[in-house]
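Shown next, in structure tokens, is the structure this report addresses.
The values are calculated or read from the model by the stated rules, or taken from the named source; none is laboratory data. Computed from a predicted structure; not experimentally measured. Note that each Cβ is placed from the backbone with ideal geometry, even for glycine, and that neighbours are counted across all protein chains shown. Surface accessibility is based on the protein's heavy atoms, side chains included, excluding ligands, DNA and RNA. Shrake-Rupley method; radii C 1.70, N 1.55, O 1.52, S 1.80 Å.
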Amino acid sequence: MNSDAATQDGLKRGLTARHIRFIALGSAIGTGLFYGSAEAIKRAGPSVLLAYLIGGIAVYLVLRALGEMAVRNPVSGSFSEYANKHLGPLAGFMTGWTYTFEMVIVCLADVTAFGLYMQFWFPDVPRWIWVLAVVFFIGAINLLSVKVFGELEFWFTLVKITAIIAMIAGGIAIIVFGFGVHDTDAGISHLWSDGGFFATGFGGFVACFAIVMFAFGGTEIIGITAGEAEDPAQTIRKAVNTVPVRIILFYICTLAVIMAIIPWQTINSDNSPFVQIFENLGLGTAASILNIVVITAALSAINSDVFGAGRMMFGMSHAGQAPQVMKRVSANGVPWMTVVIMTVALLVGVVLNYLIPDQVFLVIASLATFATIFVWIMILFSQFRSRAQMSADETAALKFPVPLWPYGQIFAIVFLAFVIVLLGVIADTRVALLVGAGWLVLLTGAYYKWVKPAVSAADRSGA
């Protein structure tokens with residue numbers, strides 16, 4: 001198939017299997033791991049490893065549900081279209097716009113983290129200047145063809161993966177041989193000797209889920225890429241099935257190595273724990289190299305966020321659930337107006353980093369967690385309803401059916417609902433639940449005021 005073949009809505013199928021596999025890998029290796037993990041460790045201590053494992057299982061079940069629908073019906077609107085079809089137009093409208101809200105908020109967190117990383121080298125330069133620079137840089141990249149986006153994301157992700165594997169290998173070597181920077185007699189005892197595995201108690205373990213789930217936000221971009229994949233059935237299946245390996249290797253192994261080398265209490269949220277570990281060991285050059293890696297990770301995450309939100313708005317405009325101006329596609333097959341809108345929205349991050357630089361990350365991360373989990377729950381409900389509407393022959397013909405049906409999906413829904421309740425219980429994240437609930441009320445009002453009357457009028461004129 002010609003990689004530049006156009007789809008019916010004007011997009012171009014320029015993403016190869018290699019691109020989508022690395023986009024899927026990169027989507028879960030971003031600010032949540034490289035920066036947010038410091039806050040999660042501070043809350044839970046070593047038990048954060050168990051939290052990432054439990055959260056990862058739930059995310060895998062969500063992605064399998066999305067994969068089942070995406071392989072059966074690959075469309076640019078992805079889970080917004082599925083919610084629209086299986087749960088009704090209001091659900092589709094709320095899912096699509098909440099995903100866009102999620103991407104904006106996650107992107108704000110990523111550009112904030114980028115500003116923090118740059119202060120490692122330039123502590124006297126105001127953070128908002130770096131935030132402004134990266135917003136315009138990524139906006140320009142996303143105005144190029146989808147093939148350029150895929151290629152850039154491939155190389156960004158390759159840097160991240162290589163660095164993480166090297167850090168795990170180097171960390172294990174330090175644990176085993178010491179090299180004068182670690183007491184080999186201690187081994188990995190830091191994981192349980194400094195207050196025990198559940199060092200902050202069960203309450204601390206539960207509280208960390210609000211940050212842990214933020215780390216996995218964006219993995220659902222796998223479904224968005226289906227609309228521009230050369231072979232959706234094959235590429236989506238392979239991308240989703242790499243999720244368990246990613247979680248074990250990139251989250252659990254990496255953080256276990258970090259906390260085994262340095263006591264978890266010494267990790268703070270002023271910088272990436274990946275950089276802190278080498279700073280604490282007196283390895284300044286290695287810390288600088290790791291800072292380059294986490295900057296690459298932030299750029300990769302921002303790049304994916306802008307792409308995902310833009311494609312979602314584009315798909316919704318074709319469904320009559322977003323302004324028609326968002327349908328505009330450049331000669332390169334890029335929905336350029338949605339990229340411009342995302343870039344302007346991200347300028348909010350510049351303002352926030354100027355006004356409240358110290359509190360901005362935690363507030364943004366908790367808001368993103370609410371939006372992310374709402375989208376995941378809608379994906380699960382859409383797949384549940386989709387299955388309920390299938391005949392036995394249609395179910396048997398599925399190319400990528402979910403595992404553990406229906407009990408795995410029930411577990412994931414209950415767990416995700418628990419995390420949303422948790423946001424309201426914890427004082428630091430309560431604002432996310434309040435803002436999130438207000439957002440859903442606004443969306444409902446907007447739907448009944450503008451979208452539903454327009455759709456009804458179009459149906460009458462068509463009749």
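Structure data summary
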{"read-out": "Residue under evaluation A322, criteria (1) of a type in the set (A, V, I, L, M); (2) part of a helix (DSSP H, G or I); (3) touching a helix residue (DSSP H, G or I) at 6+ places or on another chain (Cβ under 9 Å), criterion not met", "value": "(2)"}
{"read-out": "Residue match in segment 292-311 (condition: at pLDDT 85 or above and farther than 21 Å from F214 by Cβ)", "value": "yes"}
{"read-out": "All positions within segment 391-405 that are exposed (fewer than 14 other Cβ atoms within 10 Å of the Cβ) and in a loop (DSSP other than H, G, I, E, B)", "value": "S391, A397, K399, P403, L404"}
{"read-out": "Where a residue in segment 373-391 is over 21 Å from F415 (Cβ atoms) and its partner, wherever it lies, is open to solvent by less than 20 Å² (accessible area, probe 1.4 Å) and not in a helix (DSSP H, G or I), with Cβ under 6 Å and at least six apart", "value": "none"}
{"read-out": "Residues of segment 187-203 classified as among the hydrophobic types (A, V, I, L, M, F, W, C) and in a helix (DSSP H, G or I), total", "value": "3"}
{"read-out": "Segment 164-186, residues that are assigned to a loop (DSSP other than H, G, I, E, B) and without any contact (Cβ under 8 Å) to a residue 60 or more places away in the chain", "value": "G178, F179, G180, D183"}
{"read-out": "Residue match in segment 376-385 (condition: in contact with a Gly (Cβ under 6 Å, 6 or more places away or on another chain) and in a helix (DSSP H, G or I))", "value": "no"}
{"read-out": "Residue identified as over 27 Å from K42 (Cβ atoms), over 20 Å from the mean Cα position of the chain (by Cα) and assigned to a helix (DSSP H, G or I) among V334, V306, V344, V257", "value": "V344"}
{"read-out": "Subset tally (residues that are among the hydrophobic types (A, V, I, L, M, F, W, C) and at pLDDT below 80) for segment 324-350", "value": "4"}
